[in-house]
Amino acid sequence: MEDRVYKGKIEKLRSKDRIQMLEVDRVVELSLEGIHASSILDVGTGSALFAEAFSKKNLSVAGVDINEKMIKEAQKFVPAAKFKVARAEKLPYSEDEFDVVFLGHILHEAESVEQVLSEAMRVAKQRVIILEWPYKQEEHGPPLNHRLKTEDIVETAEKVGYFYIEEKPFKHMVFFRLGKT
């Protein structure tokens, strides 16, 4: 799976075009819609694009990434956040430690989607958010053979034990809200 990990430049991850394509503000609003949240874990934080957006909503932000370089860069963008080098399959946090766990474009990079969803469920109090590329070849994002089918994500979430699964297709990605109850 190492071949699926992003190795490009930070600037590309934070470009104006990419921010617009990812609909960052819409994602943040939908992630928090209908709940009171004070903390969030951004798994696979990368350049902290979403961590920064969540911090602007006055949430306590933590983030993990397997790339130490990304963690150092993320800290520059969100100095108040607590970032750690860690794998999505083994999160270094306690059960129910965060109100929301955000998985932004990382499931397609995971060694085990089931393990990532299990770990996210373990550390989330209220909700897990998944943002993934649609299962179609596009100019943006990973090649088709790295992408996940929506039905496979839903099936794995059900298998792990998520009670509530909501999917919203966007123009360039698919947004999921998962609940434990």
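Quick rundown of the values:
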read-out	value
Placed amide H near residue 102: partners under 5 Å, 5+ positions off or other chain	41, 42, 43, 129
Fraction of antiparallel bridges per DSSP, region 8-179 only, in percent to nearest 5	40 percent
Choice from 34, 46, 104 with maximal GNM fluctuation in the chain (Cα, 10 Å cutoff)	34
Cβ-Cβ FRET estimate between residue 60 and residue 146, R0 fixed at 30 Å, reported to 0.05	0.40
Cα shape, the chain, gyration tensor, a/c 1.5 rule	rounded
Listed residue pairs exceeding 22 Å between alpha carbons, taken from 149/171; 90/159; 136/180; 72/168	136/180; 72/168
Using alpha carbons only: equivalent-ellipsoid semi-axes of region 15-93, gyration tensor based, whole Å	19, 16, 11
In sequence order, calculated HN-Hα J values of region 148-153 (Karplus, 6.51, -1.76, 1.60; Hz; x Gly/Pro)	10, 6, 3, 5, 6, 5
Given charges at beta-carbon only (K, R positive; D, E negative), |dipole| of the chain in Debye	560 debye
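Laboratory data are not the source of any read-out in this text; all were calculated from the coordinates shown. Because the structure is predicted, anything quoted here is derived from the model rather than measured. Cβ sites come from the backbone with ideal geometry, for glycine too, and all protein chains shown count toward neighbours.
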